[in-house]
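**Student:** Shown below is the structure under consideration.
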Amino acid sequence: GKFNTPKDLYKIYGIDSGVVQALLPNIVIPEIKEKQPLQNFKKPRATNQAEISSKPSIIKKPINRANAEDLKKIYGIGDKLSGRIVKYRDALGGFHAIDQLTEVYFFQDSLLPKVASMFSFDSLQLTKLHINLDSVHTLKSHPYLSYNQARAIFNYREVHGVYKQVEDIKAIKILPDSTFDKLKP
């Protein structure tokens with residue numbers, strides 16, 4: 001077949017719609033006379049710096065501001081998975097790294113590149129735990145903490161006073177280093 005308009009890229013089986021959206025501004029389909037071979041076509045070059053710098057850049061939406069509808073634009077993410085991603089993100093206080101998505105029930109590793117192409121991950125947009133103020137109930141609602149770990153954080157604060165820095169949590173023996181590393185951001 002042949003392409004009549006740039007939007008014909010959407011018809012290709014297996015191509016991600018996010019990739020097509022990123023490519024559309026850069027696609028030129030020439031008008032070809034019947035006898036003219038395609039290899040003779042050359043894309044016109046930009047003649048000045050203004051034309052070169054006016055290329056549209058891909059602006060990624062922050063994953064921590066995305067809603068279920070934004071996530072469903074990715075082929076392979078439907079109603080249920082997008083809802084799970086948003087629910088898990090809210091429970092975490094936001095995603096700071098892309099591999100946290102693999103912790104979402106039924107999220108496939110093959111979706112990671114697609115998500116990375118459309119969304120940015122920024123630790124500045126996280127909702128932080130207030131370990132000096134939060135109750136045991138609030139702490140235990142975080143996916144990385146069990147009830148016993150939340151209770152230990154709370155009790156340590158009651159006995160030793162407020163935490164002065166995040167690393168003070170390492171004094172709690174029931175909290176493994178791996179959990180601390182995941183909680184630190």
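**Student:** Please sort 71-78, 169-176 by packing, taking for each peptide the average over its residues of neighbouring beta carbons within 10 angstrom, highest first.
**Tutor:** Peptide ranking by packing, descending: 71-78, 169-176.
**Student:** Can you list the residues, at least 5 places off or on another chain, whose amide H is less than 5 Å from the amide H of SER120, using H built in the peptide plane?
**Tutor:** HN-HN under 5 Å from SER120: LYS61, ILE63.
**Student:** In the stretch 64-130, if the dipole is taken from +1 on Lys/Arg beta carbons and -1 on Asp/Glu beta carbons about the Cα centre, which of LEU129, LEU111, VAL86 is farthest to the positive end?
**Tutor:** With unit charges placed on the Cβ atoms, the residue in question is VAL86.
**Student:** May I pose another question? Report the local net charge at GLN100: Lys and Arg +1, Asp and Glu -1, summed over other residues whose C-beta lies under 12 Å from its C-beta.
**Tutor:** 0
**Student:** Let me ask something additional. So what are the stretch 55-182's ellipsoid semi-axes, whole angstrom, largest first, if each one is the square root of 5 times an eigenvalue of the alpha-carbon gyration tensor?
**Tutor:** 33, 15, 12
**Student:** Work through the residues other than PHE119 whose Cβ is under 14 Å from its Cβ and net out their charges, Lys, Arg +1 and Asp, Glu -1.
**Tutor:** +2
**Student:** Mind checking which aspartates and glutamates have their C-alpha under 15 Å from LYS61, skipping anything on the same chain fewer than 8 residues away?
**Tutor:** Leaving aside aspartates and glutamates fewer than 8 places away in the same chain, those within reach of LYS61 are GLU69, ASP70, ASP122.
**Student:** If the limit is 28 Å between Cα atoms, which of LYS80/LYS128; LYS128/LYS170; LYS128/LYS173 go over it?
**Tutor:** Where the Cα-Cα span goes over 28 Å, no listed pair is concerned, since all stay within it.
FYI, it's all coordinate maths here, none of it is from the lab. In this text, all values refer to a predicted model and were calculated from it rather than measured experimentally. All Cβ positions, glycine included, derive from the backbone under ideal geometry; neighbour counts span all protein chains shown.
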